[in-house]
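Reading through the structure tokens given below for one structure.
The values are calculated or read from the model by the stated rules, or taken from the named source; none is laboratory data. Keep in mind that what you see is a predicted model, and the values were worked out from it rather than measured. Cβ sites come from the backbone with ideal geometry, for glycine too, and all protein chains shown count toward neighbours. Heads up: the accessible areas ignore ligands, DNA and RNA and are worked out on the full protein's heavy atoms, side chains in. Shrake-Rupley method; radii C 1.70, N 1.55, O 1.52, S 1.80 Å.
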There are 2 protein chains.
Amino acid sequence: MNIDGHIRVSIDNVTPEIDCGKYPIKRVENEEILVTADIFGDGHDKVDAVLLYREKTKGKSKEKKWQEKPFTFKGNDKWSCKFSIDTTGFFEYTIEAWIDHFTTWQDGLKKKFDAGQPMETELLIGAQMMEEAIARGAASQKKQLQKWVELLRNNKDTKDSVSLALSPEITQLMYETRDRTKTSRYDKNLTVLVERKRALFSSWYEFFPRSTSPVEGEHGTFKTSEAILPEIARMGFDVIYLPPIHPIGRSFRKGINNATEARPEDPGSPWAIGSEAGGHKAIHPELGTMEDFVSLVNKAKSLDMEIALDFAIQCSQDHPYVKDHPQWFNWRPDGTVQYAENPPKKYQDVLPVNYESADWENLWQELKSIVEFWIDKGVRIFRVDNPHTKSFIFWEWLIKEINLKYDGILFLAEAFTRPRIMEKLGKIGFTQSYTYFTWRNNKKEFQEYLTELTQTEMVEYFRPNFWPNTPDILPISLENKGEPSFLIRLLLAGTLSSNYGMYGPLFEFNLNEAYPGKEEYTRSEKYEVKHWDWEKTTKTKDLIITLNKVRKENEALQKTRNIEFCDTDNDQLICYSKIDEDHQNKLLIVVSFDPQYSQSGWLKVPLKKFGLKDNEPFTVIDLLTGSKYFWENEWNYVALHPQGIPGHIFRIEQSEPDTTKTK
Amino acid sequence: MNIDGHIRVSIDNVTPEIDCGKYPIKRVENEEILVTADIFGDGHDKVDAVLLYREKTKGKSKEKKWQEKPFTFKGNDKWSCKFSIDTTGFFEYTIEAWIDHFTTWQDGLKKKFDAGQPMETELLIGAQMMEEAIARGAASQKKQLQKWVELLRNNKDTKDSVSLALSPEITQLMYETRDRTKTSRYDKNLTVLVERKRALFSSWYEFFPRSTSPVEGEHGTFKTSEAILPEIARMGFDVIYLPPIHPIGRSFRKGINNATEARPEDPGSPWAIGSEAGGHKAIHPELGTMEDFVSLVNKAKSLDMEIALDFAIQCSQDHPYVKDHPQWFNWRPDGTVQYAENPPKKYQDVLPVNYESADWENLWQELKSIVEFWIDKGVRIFRVDNPHTKSFIFWEWLIKEINLKYDGILFLAEAFTRPRIMEKLGKIGFTQSYTYFTWRNNKKEFQEYLTELTQTEMVEYFRPNFWPNTPDILPISLENKGEPSFLIRLLLAGTLSSNYGMYGPLFEFNLNEAYPGKEEYTRSEKYEVKHWDWEKTTKTKDLIITLNKVRKENEALQKTRNIEFCDTDNDQLICYSKIDEDHQNKLLIVVSFDPQYSQSGWLKVPLKKFGLKDNEPFTVIDLLTGSKYFWENEWNYVALHPQGIPGHIFRIEQSEPDTTKTK
């Protein structure tokens, strides 16, 4: 029979496991991985299990040796094991479990001894098992086991023998020399992709390089962009994301406010990529040269920031691919190239690539070479434009290829689409994803959404990145409202999610004039060169600076899955706790949703979670203001004013309270 | 690349799928199978999908052709397809999905036409697609398509052409001739085991053949058992389950009340199998001959009943296997054979078989040969004793082997153990399973348990069989209480679950004397020959007769998954609806938990589910008594009395109510 009939232990319902192991789970270096499984044998014998993990073999290299970590029994046949990996790359994990005959015997021995039953034969059974273990042990183990066997066989003092047989030393050595030929192995090797920490913790700032010239009316360049980097660094961001920097098409160029007819002087949308000046590997001539770009990348690095590029696969009708690779596009019977459509709407400035092309392999390779081209220039993060309108298996292939070849390349999926597709993009490899944050407005919506993101399987593969605004979206929550609404959305984005970003300087300048009837900016920067006073300060900018500092100093804000919501007696107040893995950094965050009126209420501190006893006094320090409060009850009062800061980020301290109470 | 780059449609989250398709789902002939999946492509093109199913190939026979059934879009990227299979056996199912370019084009065409855009090129695109389809079509399809292409190319009346292009005839033919080379196929073939109807709907009666002699003090036989079959048939049962009928061991035989020392005249427990008279293929001499047994099997058949045998793998120390196959047992250092233990308790009358034996292959084959031996004698149902103390992979192998070779063999798992193990036994192939019914006592417990059994994945592979008592268990719900408690447990078992059974005649005789301090019968029949008046009638017996008749006449009681609980305003009243697949047979069941006092209250009829409008009058007929009631509201009043029948099984009739109202 094609079965190993000795296998008596079942390993079922393993988590995390995405789509039967088809897709990897995601972690960053040193981030905890909790594996659970139902592990049980037939009958009443004891079982035991270990987690096995190792780096995945690349190409034809030799398989790595498995590392082992013991599982712990959690009740009701559930077992769990926590581990983490301290380097990046693809790792695999699986489970091995077995009937533990020796501890089963020890357990029976003890019960029989306590019941006063004859011990002689019982002890011989144990001695036999140890003799079998001798054959499997290393030299020193053999010697030690042999010594114990002789004691068990010859010692006439039953109590002594039982005590020896149950000793931790024997238990340990019998564990180490256990028979590994009758173990059950879980039938899959599951995969975890371990990425660098920025995959999980990042603060993004998006701006248009062409709007950085100090001279009004002039087109900004990489050089003028370089000049504003120190101000962005001062705001505390670590990823600078630039809309496409490639030559902009002329045909069907869009004018101001997305007009279908552009005037000659209109600069066009950077997302209509490709002209006679080149395609995705070229730079828009007015921005400067490749050297200027590399200089910008290096300047960012020197300020502890990274430049992220936009990877937008669509082409303008002037893109060199249209002539050089016509087979990558669809052609209409009248001989014209097929542009993007959402009938009856036509988007003639953008050509979708045809993923059903017979020449798809060359297309895929060319697209990959674009990514590699910019990696070569020092770019390590890509924000991918509308990935859900391109082939999923292409992305899965591309991201995997890049991950296998390069270390630390991150991809942000700019997909605002249906839930199953958002999930799919996370599963097939995108490091981070845009989310529905932008359209969540009240306490119930946020609690439900964050619960979905952090308490379902999504937490294993979908890393949210919360954006209060983008060049495409001026949400109702900000539209035509005052500065407090910016402060509120900022606090929510930056404390609910460890990855967040904003489109500046419109955000910090509290700009919010909508195009009538749309959730969009009027006179969008997508179609115009703007002039900004990059040094201008606002209260929003000040809060950005403080918030980014608090995020950097507090480990608890550097992951998203650790969120737990707390009760408040006012629906205008949302409250949640965040605690780091080591339970050292304990935060309680409360934000008001009301940009107009003061809101006050009581919130319930999760004392037990914070390691506090009932009625034990504790100190809370508001990290946004430095204010200290001395609390001693479960329920505590807060009042938030839109004219002040509409939120608190409290750090909980168990230390003795200050004698100068403030409340 | 080892990828088909054209694949643009994802097929995810397929249900039902047990442990990634490792285990089959279960159905009976013509029972509905609802398959759902998330199916979506990139971008905005329309997608479509079909379910594929076919009989699984046995051995080396040629693969069967797939049958197709279209999926229906249910919203939010969820698709579903209902199908059923009208013969027994192993079948496989999977999903195929594709981008539907033609209907995408039709949709755009309509929108563009409505918007008054130029149509010429648009119509040519459709004509091109139809020309491509011609190459794939059968002769008659080719001809028809060619005709339409010419019309589209030449007809100058745009409106006519658009109307033709959108016609159902073209849509249908383009569906039939679609390009099947760029479809996505789900990556697994899932399995469904289709069994005969008794797997889902059965009424079991267990008795000890040795207690059937009409003469007090004499050992009953198969002959005397045959004599009581008509009375059991009159009660309406269809499965008769006999405790082991094999020779009973002498060594360490148990006496009355499980005494460790038996008197010479004690008959012993039938579960201590094997003596010098033979083992699992032999018959206990006092019961009669093999011919007598076959005669019993045939007599049962003539009464539309089946004999189920007990398959209990343990052996007594006198079993021929101990001498003939010592390698199948564990041996102690003192040369004695290892008996069952739960330290410090010893069960020296029973030897467990050692599934870790080096000779496991021969052991498995021998055990299989036992099942085949009794199949050969006409047995088609086996009640398996304590399957959870035997190797899971052995059962998986055995049941699959038997299912592949024989049609309609059923296995009931007698496992009262931990939840994950109960589930496992269902997954690995047991047709039906004993359950926790016996220990569920109040409304909340029943609602939770039935929800778990019918609303979770368990419903796909775990068929519950509800027993109010067994020779091993006299539960607290019956212990030392009066007849009403028997009526209550009977109504619950027989209406909550389509499979149920009882241990008689103790149940219908309302016998309930417990062994002090245990949930067991005192003077258990397991260790004694009893004498019963098999013709005796009781109210419980009368209700059994009525209930079994109602179960046979009402399709809605012949499955378990169709249960839905209804609100009542009294926690002593449990109420649930059951409706058959065709929505013809609509039942509302209400049972009181109180064996002592009358209980009354209001219950909420699920009008919508029953196809009734608000305030529409309807008739309810109590199938247990024949009483008719005329109701017209959502909430209705019932009163149940322990001295009457503590439950109603109402059939809902939409017909005009009787003029003679009773209420």
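Descriptive notes on the structure:
- Annotation: B:LYS78 fulfils all but one of (1) in contact with a Ser or Thr (Cβ under 9 Å, 6 or more places away or on another chain); (2) modelled with pLDDT under 95; the unmet one is (2).
- In the range A:1-14, the residues that are open to solvent by less than 40 Å² (accessible area, probe 1.4 Å) and of a type in the set (D, E, K, R): A:ARG8, A:ASP12
- Yes/no for A:ILE99 being open to solvent by less than 80 Å² (accessible area, probe 1.4 Å), modelled with pLDDT of 95 or more and touching a Cys at 6+ places or on another chain (Cβ under 9 Å): no
- In summary, A:LYS368 fulfils each of the numbered conditions (1) open to solvent by 30 Å² or more (accessible area, probe 1.4 Å); (2) in contact (Cβ under 8 Å) with a residue 12 or more places away in the chain; (3) more than 25 Å from A:PHE252 (Cβ to Cβ); (4) of a type in the set (D, E, K, R) with the single exception of condition (1).
- Single match in B:TRP364, B:TRP360 (criterion: of a type in the set (Phe, Trp, Tyr), within 13 Å of chain A (Cβ to nearest Cβ) and out of contact with any His (no Cβ under 9 Å at 6 or more places or on another chain)): B:TRP364
Matching residues to (1) assigned to a strand (DSSP E or B); (2) open to solvent by less than 10 Å² (accessible area, probe 1.4 Å):
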{"site": "A:THR546", "(1), (2)": "no, no"}
{"site": "A:GLU581", "(1), (2)": "no, no"}
{"site": "A:GLN584", "(1), (2)": "no, no"}
{"site": "A:LEU587", "(1), (2)": "yes, yes"}
{"site": "A:GLY611", "(1), (2)": "no, no"}
{"site": "A:ASN615", "(1), (2)": "no, no"}
{"site": "A:ASN633", "(1), (2)": "no, no"}
{"site": "A:ALA639", "(1), (2)": "yes, no"}
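- Looking across the range B:399-421, the residues that are more than 11 Å from chain A (Cβ to nearest Cβ) and within 16 Å of the chain's Cα centre (by Cα) come down to B:ILE399, B:ASN403, B:GLY408, B:ILE409, B:LEU410, B:PHE411, B:LEU412, B:ALA413, B:GLU414.
- Identity of the residue in the range A:631-654, more than 30 Å from A:THR540 (Cβ to Cβ) and in contact with a Phe, Trp or Tyr (Cβ under 8 Å, 6 or more places away or on another chain), that ends up modelled with the highest pLDDT: A:TRP635
- With respect to (1) loosely packed, with under 14 Cβ neighbours inside 10 Å; (2) more than 14 Å from chain A (Cβ to nearest Cβ), the lone exception for B:LEU52 is condition (1).
- Here A:ALA133 does not qualify as within 14 Å of chain B (Cβ to nearest Cβ) and open to solvent by less than 30 Å² (accessible area, probe 1.4 Å).
- Pick from the range B:23-43, criterion touching a residue at least 60 places away in the same chain (Cβ under 8 Å) and not β-branched (Val, Ile, Thr), ranking: surrounded by the most Cβ atoms within 10 Å (Cβ to Cβ): B:LYS26
- Extreme residue, least open to solvent (accessible area, probe 1.4 Å), among residues of the range B:548-567 that are in a strand (DSSP E or B) and out of contact with any helix residue (DSSP H, G or I) (no Cβ under 8 Å at 6 or more places or on another chain): B:CYS566
- Flag if A:GLU17 is surrounded by 15 or more Cβ atoms within 10 Å (Cβ to Cβ), within 14 Å of another protein chain (Cβ to nearest Cβ) and of a type in the set (D, E, K, R): yes
- Residue in the range B:374-398 that is surrounded by the most Cβ atoms within 10 Å (Cβ to Cβ), counting only those that are within 14 Å of chain A (Cβ to nearest Cβ) and touching a helix residue (DSSP H, G or I) at 6+ places or on another chain (Cβ under 7 Å): B:PRO387
- Hits in the range A:430-451 (condition: in a helix (DSSP H, G or I) and closer than 18 Å to A:TYR500 by Cα): A:PHE437, A:THR438, A:TRP439, A:PHE446, A:GLN447, A:TYR449, A:LEU450, A:THR451
- All of (1) within 14 Å of chain B (Cβ to nearest Cβ); (2) surrounded by fewer than 17 Cβ atoms within 10 Å (Cβ to Cβ) hold for A:GLN141 with one exception: (1).
- Hey, A:THR456 modelled with pLDDT of 95 or more, under 21 Å from A:THR15 (Cα atoms), open to solvent by 30 Å² or more (accessible area, probe 1.4 Å) and more than 14 Å from chain B (Cβ to nearest Cβ) or not: no
- Among the residues of the range B:433-442, some residue qualifies, meaning at least one is touching a residue at least 24 places away in the same chain (Cβ under 8 Å), touching an Asp or Glu at 6+ places or on another chain (Cβ under 8 Å), open to solvent by 20 Å² or more (accessible area, probe 1.4 Å) and assigned by TED's automatic domain parsing to the domain that holds B:LEU496.
- If the condition is being within 26 Å of A:HIS325 (Cα to Cα) and open to solvent by 10 Å² or more (accessible area, probe 1.4 Å), then the range A:290-309 contributes only A:MET290.
- Against the list (1) open to solvent by less than 30 Å² (accessible area, probe 1.4 Å); (2) more than 14 Å from chain B (Cβ to nearest Cβ), the condition A:ALA340 fails is (2).
- B:ASP12 being within 14 Å of chain A (Cβ to nearest Cβ), out of contact with any Ser or Thr (no Cβ under 8 Å at 6 or more places or on another chain) and closer than 29 Å to B:GLN106 by Cα: yes
- Filter result for B:THR72 (of a type outside the set (A, V, I, L, M, F, W, C), in contact (Cβ under 8 Å) with a residue 40 or more places away in the chain and away from chain A (no Cβ under 14 Å)): no
- Residue among B:PHE486, B:PHE462 that is assigned to a loop (DSSP other than H, G, I, E, B) and touching a helix residue (DSSP H, G or I) at 6+ places or on another chain (Cβ under 7 Å): B:PHE462
- Close Cβ contacts (under 9 Å, 6 or more residues apart or on different chains) running from residues in the range B:317-336 that are within 14 Å of chain A (Cβ to nearest Cβ) and under 18 Å from B:GLU366 (Cα atoms) to residues that are among the polar types (S, T, N, Q) and open to solvent by 40 Å² or more (accessible area, probe 1.4 Å) comprise B:GLN327/B:ASN362; B:TRP328/B:ASN362.
- Checked against the criterion of being in contact with a Gly (Cβ under 8 Å, 6 or more places away or on another chain), over 20 Å from A:ALA233 (Cα atoms) and not small (Gly, Ala, Ser), the range A:535-552 contains not a single residue that satisfies it.
- Counted residues, the range A:236-286 - those being among the hydroxyl-bearing types (Ser, Thr, Tyr) and in a loop (DSSP other than H, G, I, E, B): 3
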